[in-house]
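Colleague: Okay, here's the structure, questions in a sec.
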Amino acid sequence: MDMMFILVLFVPFALILFMQTRREKKRKAAVQELRDSLSVGDEITTIGGIVGKIVQVRDDFVTFETGEDRVRIRVAKWAISTKGKAAEEQEEKAGQQ
């Protein structure tokens, strides 16, 4: 009887923990794939909301131009949140809310 009680408590907890870690690993893998696939000419959005076009890609850093004034900004790759159409879709969703 005690063993059954322990299983009833442990199994749901273990299942929830497994699902959470699996989901987090998938999300991290997708973000890493996005950052590894950056190339010159891609439109990006940083985690701070700055939008621009990539002009140079290095191992850990990306340089991009913003707007028509052609200001160049160098940021770490981990600071890039979206690329291409994903950035535009997020802007549209933010505008609708």
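Colleague: Here are some residues: Val51, Val57. Which one is of a type outside the set (D, E, K, R), without any contact (Cβ under 8 Å) to a residue 24 or more places away in the chain and under 23 Å from Lys28 (Cα atoms)?
Modeller: Result: Val57 is the single residue among Val51, Val57 that is of a type outside the set (D, E, K, R), without any contact (Cβ under 8 Å) to a residue 24 or more places away in the chain and under 23 Å from Lys28 (Cα atoms).
Colleague: So Ile44 ticks every box in (1) loosely packed, with under 10 Cβ neighbours inside 10 Å; (2) touching a residue at least 40 places away in the same chain (Cβ under 8 Å) but one. Which box is left unticked?
Modeller: Evaluating Ile44 over (1) loosely packed, with under 10 Cβ neighbours inside 10 Å; (2) touching a residue at least 40 places away in the same chain (Cβ under 8 Å) leaves (1) as the failure.
Computed from the coordinates by the stated procedures, all read-outs in this text should not be read as laboratory data. As the structure is a computational prediction, the values presented were derived from the model and not from experiment. Because the Cβ atoms are built from the backbone with ideal geometry, glycine has one as well, and the counts that use them run over all protein chains shown.
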